[in-house]
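First the structure, in the form of structure tokens, and then the observations on it.
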Amino acid sequence: MRPTVIRRAAVAACTASLALVATACGSSDSGSGGADGKGKESAAARPAVAKALTAAELDKAALVQGDVKGHKVSKAGKDDAVAASAVTVDDKACDTFADALLGAQVGKPVAANQRKVVSEPKKDQKEKQDSADAEEAFIAAFDITTTMASLSSYDGKGAQDTIDGLRTAATACSGGFGLTVAGDKQKVVKIEEEKISGGEEAAAWTVTVEQDGEKAPFKLVVVRQGATIASFTSLNLAASGTGKDYDLPTAVVDAQLAKLA
């Protein structure tokens with residue numbers, strides 16, 4: 001057993017990189033597949049401004065248990081949420097992106113809600129958890145992807161402006177920036193664009209975050225449907241320990257878009 005891998009997985013699981021890690025520690029994705037960026041469209045091609053969903057309508061559209069096969073869905077609790085006011089960055093151009101990455105509200109939505117979606121172990125994972133190889137068993141036990149799924153509705157062109165702002169920030173901050181969450185210092189060291197499709201516009205990134213010398217890959221997906229932005233931040237604990245990549249949470253994204261359609 002390689003102690004470095006075990007140590008990194010344990011650090012990722014139960015010490016502190018972003019609020020999502022703490023959320024994942026208390027819980028037990030791969031999906032139908034990102035695609036070719038068809039969700040992107042030019043401003044000129046965008047349809048007329050849609051009406052913002054009310055809080056009641058947004059709650060009706062939010063994910064519930066049973067909507068995502070192989071995943072547990074629950075309402076995000078007070079310990080899961082991150083307030084935008086608790087997030088600071090060392091480069092103002094990266095502020096919007098940091099908020100989205102942490103699952104905090106971006107801009108000034110009319111209404112917003114959040115759900116926690118946790119992947120359940122697959123059959124082969126369960127078998128590996130009983131492996132005589134301690135490293136394999138440990139990693140299989142932590143091969144869990146936790147996704148914070150957020151819905152936000154905006155007046156006017158707020159949703160369009162939000163996704164434009166996130167794309168601009170991702171480009172400007174791709175080389176990294178300093179990040180503090182409620183006094184906890186971290187660093188985004190790299191932002192890499194991923195391919196994704198869905199809704200009227202979509203964008204996705206793999207974001208590498210470093211804290212105390214340990215790096216963890218996060219996935220961020222944002223999709224616009226009318227005046228609503230669906231945002232998804234994911235962390236896989238095993239990937240944080242091994243450094244290996246993992247899939248975008250497309251099963252969660254697809255299930256959410258089906259309810260927004």
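The numbers here are math on the coordinates, done by the rules we state, and not lab data. Computed from a prediction, not measured in an experiment: that's the story for all the values here.
Relative to the 2.2 N^0.38 Å rule of thumb, region 59-102 has a C-alpha radius of gyration ratio of 1.57. Of 69/187; 60/108; 69/244; 51/185; 108/244; 92/157, which ones are farther than 30 Å apart at the Cα? Correct reply: 69/187; 51/185; 108/244. A quarter of the convex hull surface defined by the alpha-carbon atoms of region 141-235 gives 7.2 nm² as the mean projection.
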